[in-house]
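A.B. asks: Dropping the structure in here first, questions after.
The values are calculated or read from the model by the stated rules, or taken from the named source; none is laboratory data. If you're wondering where the values come from, they're calculated on a predicted model, not measured in any experiment. Glycine gets a Cβ as well: all are built from the backbone with ideal geometry, and neighbour counts include every protein chain shown.
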Amino acid sequence: MTTVLLDVDTGIDDALAILTAALSNEIDLVGCSVVWGNVDVEQGARNTSEVLRLAGHGDVPVAVGAAGPRNGSRAVFSTQVHGEDGLGGCADTAHVPDLASESAVELILRLSHEHARSLEIVAVGPLTNLAAALDADPGLPERIRQVTIMGGAALAPGNVSETAEANIWHDPEAAQVVFDAPWELTMVGLDVTMTSLITDAHRERLRAGGEVGRFCDRILDFYLDYYEGYTGERASGNHDALALAVATGLVRTTLSPIVDVHVDCSDGPARGRTVAELEGAWGEWPEREGARHRVVMEVEPGFEDRMVELLAAAP
Ligand code: BDR
Ligand code: CA
């Protein structure tokens, strides 16, 4: 059983990750901190609360975090991917969110004390909250078992620019702070999340399930429409849930070298790119002295099928 704090910017694939974390017997979900990203942070918090309640886990604390990038620049959201409400037009406008009185940073720090050295942070949005938590308490990494992020692209192309992935591109300065901090960090980027694909066949299985499954089927319609327009195929990356799965052992990694990763924080065309030192690929990945970032390049196939089974089986 892994104790997990999820840092989310709840759009469609975040919702799948939250539901998976809430419903899996292997995971103890102890909190959700919310960050801006796919939608504004208030909408993200509403969505997080709605999704947790749907899973029967309305008691998991949901704390509101950063509303925009670390450097104070204007927040740009990804509503074209997730819908204006972040849930493909399916958010319940009557939902009254149940939000914690503490901030995202306060929640992260409190849980890091309550679950010292056993807390796994899984961050699946821009890294603004985590960077702020490090500012508030530079001793945080000592109390964390591991940080796993959905973000970046080592060899795969980007999804907002030629080279940058959305979560890192939204806030490169925050990402750099998080990569630099002295904790074990695993990067689950587009190299693998675009190999774990959700299709209409999965939606059909979800539709035949209970309330949770039917909700997932509905929100995924918008997501698959977006991907179809973007890649020509009705198949979406299962980004955020795959990062959760790597962090908690729900999926096995088959290639994940430990290398150094730097974030391009320039104002040039590569802004937001994760530059991973992967030249070890030519020499069977010899251990690199002092390297600290585990970059997942391959996972065993099939996680998305197991996830769909779990979500469809929920009441
Ligand atoms: C990431 O960006 C967001 O749109 C998704 O929720 C995911 O976390 C994929 O690049
Ligand atoms: Ca996300």
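A.B. asks: Do we find that F215 is more than 30 Å from S118 (Cα to Cα), away from ligand 1 (no atom under 12 Å from the Cβ), at pLDDT 95 or above and under 20 Å from the mean Cα position of the chain (by Cα) in this structure?
C.D. replies: Values: more than 30 Å from S118 (Cα to Cα): yes; away from ligand 1 (no atom under 12 Å from the Cβ): yes; at pLDDT 95 or above: yes; under 20 Å from the mean Cα position of the chain (by Cα): yes.
Against the criterion (more than 30 Å from S118 (Cα to Cα), away from ligand 1 (no atom under 12 Å from the Cβ), at pLDDT 95 or above and under 20 Å from the mean Cα position of the chain (by Cα)), F215 qualifies.
A.B. asks: Among residues belonging to the stretch 230-276 that are of a type in the set (D, E, K, R) and in contact (Cβ under 8 Å) with a residue 12 or more places away in the chain, point out the one that is nearest to ligand 2 (Cβ to nearest atom).
C.D. replies: D240
A.B. asks: Continuing with the same structure: Out of the stretch 29-58, which residues are touching a residue at least 40 places away in the same chain (Cβ under 8 Å), part of a strand (DSSP E or B) and not aliphatic (A, V, I, L, M)?
C.D. replies: Across the stretch 29-58, the qualifying residues are G31, S33.
Every residue, every condition in (1) under 18 Å from I258 (Cβ atoms); (2) without any contact (Cβ under 8 Å) to a residue 40 or more places away in the chain, yes or no:
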residue	(1), (2)
S161	no, no
N167	no, no
E173	no, no
V177	no, no
E184	yes, no
L197	no, no
L224	no, yes
E228	no, yes
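A.B. asks: Do you know which residues across the stretch 71-114 are of a type in the set (A, V, I, L, M), within 30 Å of R218 (Cβ to Cβ) and touching a residue at least 12 places away in the same chain (Cβ under 8 Å)?
C.D. replies: A75, V76, V81, L87, A91, L99, A100, A104, L107, listed by residue number.
A.B. asks: Now for a separate question. Looking only at the stretch 6-28, which residues are more than 9 Å from ligand 1 (Cβ to nearest atom), in contact with a Ser or Thr (Cβ under 9 Å, 6 or more places away or on another chain) and in a loop (DSSP other than H, G, I, E, B)?
C.D. replies: S24, E26
A.B. asks: Still on this model: Does the stretch 146-167 contain any residue that is under 22 Å from A21 (Cβ atoms) and more than 16 Å from ligand 1 (Cβ to nearest atom)?
C.D. replies: yes
A.B. asks: Take the residues in the stretch 94-140 that are among the β-branched types (V, I, T) and at pLDDT 95 or above; name whichever of them is farthest from ligand 1 (Cβ to nearest atom). First the steps, then the outcome.
C.D. replies: First, pick out the residues of the stretch 94-140 that are among the β-branched types (V, I, T): 96, 105, 108, 121-122, 124, 128.
After this cut, where a residue has to be at pLDDT 95 or above as well, the list is 105, 108, 121-122, 124, 128.
Details: V105: 20, I108: 18, I121: 15, V122: 11, V124: 5, T128: 13 Å.
In this case the residue turns out to be V105.
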